[in-house]
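Have a look at the structure below, then the notes.
Just so it is clear, none of the values below were taken in a lab; they were calculated from the coordinates. All of these numbers come straight from a predicted model, not from anything done at the bench. With ideal geometry, Cβ positions are generated from the backbone for all residues, glycine too; neighbour counts draw on all protein chains shown.
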Amino acid sequence: MASAMLSITSPSTSASLSMHDSHKGKPHFGGSSLRFSKEKGNPFSSVRSSGRISMSLAVNISRFEGIPMAPPDPILGVSEAFRADSNEVKLNLGVGAYRTEDLQPYVLNVVKKAENLMLERGENKEYLPIEGLAAFNKATVELLLGADNPVIKQQRVATVQGLSGTGSLRLAAALIERYFPGAKVLISSPTWGNHKNIFNDARVPWSEYRYYDPKTVGLDFEGMIEDIKAAPEGSFVLLHGCAHNPTGIDPTPEQWEKIADVIQQKNHIPFFDVAYQGFASGSLDEDAASVRLFVARGMEVLVAQSYSKNLGLYAERIGAMNVVSSSPEAAARVKSQLKRLARPMYSNPPVHGARIVANVVGDPALFSEWKAEMEMMAGRIKNVRQKLFDSISSKDKSGKDWSFILKQIGMFSYTGLNKNQSDNMTNKWHVYMTKDGRISLAGLSLAKCEYLADAIIDSFHNVS
Ligand code: PGU
C-alpha cells in the first residue's frame, strides 16, 4: 500500500501527518494529486516552499510502484495452480515432465550411478571454462550428429554448454541480435510458449509460419512451405528437431527434405530446437535424423539441445548450443563470440549435470542402460496414449474421430480443446493443462485414463 509522510514546518507550527491511498479523506495538495519530483536525488521526497511555510514531503511509497504484476507463466504457472488445489482427484498434465505410473517424479538409474561415480572420484567444484565442460561438449555434439559425422572431425562445430534448452536458445538469440541485426526468426504456429519470450527479450524480430492445420489435426505442409518461401532471404527458421511441442506432429522424412530444399533456396539458416532426442521414438538416432539431414547437405545449422527430458535432468539446467559452420575458422570465431556473450550473462555454466551427461554418454555400459531407460519412458507414454484413445473412443458415442491422438508423438497430445473447454477441464475436473488444449501424457497413468477420457468428452461436447 502506498503511504506518504507529510511534515509541515513554519515558525509557529510543526505538524506531521501520514496519508494512505485507501483513506477517504485524503489530503490534497494545491488541486493536483501527489506527483513525484523529477529532481536529482531521491525522487520520492520533495521540498516545497510556499511563503513562510516550507513543506517537506517524505514519501515512503515503494520504488517499485510502477512495476505491474506479471501474469502467471502459461506452462509453469499451471504447476503452481495444481499445487494449490487440495482435491485428491487432481491431475497435472501441464508441464512436460515425466512421471512414473504412480505419478511420481523419476530419477533415472543411470543418473544415480553417474552421481555415485562422481562422489567416488571426489570431483571438485572449481569454475568451469566459459564454454563448459570439455567432456560434456564432446559427448553432446557426438550424440546429436553421430560420433563419426565429418563436421565434427573437420572441427566445424562450435559447441558451448548452455543452461539447458532455454538458456542455449537464449544464447543463440543473443548471437543473432548482435551479428544479424534485423534478421527475422520464423517460428511455427503454434510453438512452445517460451520461444516468443526468448526472442522478444533478446530483441530479435520474429514472425510465424503455418504449421498446424486444425481441420486435419495434422501438419499444414503447404502453408509451412509457402511461409518459409515468402520470408526475407537469410531468415532463421526455428524447427523442432522431433516431437513438435505442443502439437506432437512432425514432418515425414520426405517433408523434411522439401523443407531443407526451400531453406537452402532462400539462403535461410535452419535453427533446430532439440529438446526431446530419444524421447519421441525411443531412439536417439531416429530423433536426430532431421538435424543430421540438414547437416549432411553441407548447410550451416544452429542446434539447441536439452537434457531435461531424455535424462530427466530438469533442474540441473544442462544443455548445449551447437553452431555447425562451413569452416573450422568460422566455427572458432562463432564459439569465441558465444563465450563472449555468455560471460556477462552467467559467466560459466553449472558443472553437475554436465558431469552426469559426460559420464553416461562416455561409459558404454551406462550408455546402453540409458537407452533402455529412455525406451522405457517413451514406451510408458505410448501406452497411456493408446489407453487414452481406447477409453475416449469407447466412451464417446458421438462418432467423433479421436484417432489424431495416436498420430501425435512425444510427451504431448494436442487435444483441440479451446480455452473455455480447457478451463472446464481444470475447474470442474481438476485436470491441470495449458490453455491451448495441450496435455502432457507424461503426467498421466494408465489408471487415470478413464477419468481423463470422461473429462475430455464432457468438456468437448458440453462447453463451447
Ligand atoms: N524447447 C522445447 C520445444 C521445449 O518443449 C522445452 C521445455 C524447452 C525447449 C526447454 O526446456 P529446458 O528445461 O530449458 O531444457 N518445455 C516443457 C517444460 C516446461 C517449460 O515450459 O519450460 C514444456 O512443458 O513445454
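Quick notes
- Mean separation of Cα contacts under 8 Å, 6 or more apart, over the residue count of segment 129-362: relative contact order %: 31 percent
- Unit charges on C-beta of K, R, D, E only; dipole of the chain, Debye: 1780 debye
- Beta bridges by DSSP in the chain, antiparallel share as percent, to the nearest 5: 70 percent
- Mean separation of Cα contacts under 8 Å (6+ apart) over length of the chain, as relative contact order %: 20 percent
- Relative to the Cα centre, the charge distribution of segment 162-222, modelled as +1 at Lys and Arg Cβ and -1 at Asp and Glu Cβ, gives a dipole magnitude of about 200 debye.
- With the highest mean first, a sort of the peptides 89-102, 436-449 on other beta-carbon atoms found within 10 angstrom per residue produces 436-449, 89-102.
- Sum of -39500 (n - 2.57) over DSSP H runs of 4+, divided by residues of the chain (222 nm, nearest 500): -12500 deg cm²/dmol
- Cβ-Cβ FRET estimate between residue 326 and residue 138, R0 fixed at 22 Å, reported to 0.05: 0.55
- Given 258/407; 184/400; 382/428; 309/407, the pairs whose alpha carbons are separated by over 29 Å: 184/400
- Residues of type lysines that residue 339 reaches as a straight line, Cα spacing below 21 Å, ignoring anything fewer than 8 places off in the same chain: 125, 138
- Packing here is the average count of other Cβ atoms within 10 Å per residue, and on that basis the peptides 74-85, 241-252, highest first, run 241-252, 74-85.
- Alpha-carbon centroid distance for the pair segment 275-315 / segment 162-187, whole angstrom: 18 Å
- Selection from 64, 100, 140 lying farthest towards where the dipole of the chain points positive, charges on Cβ: 64
- Dividing the radius of gyration of the alpha carbons in segment 129-362 by their Kirkwood radius gives 0.93 for Rg/Rh.
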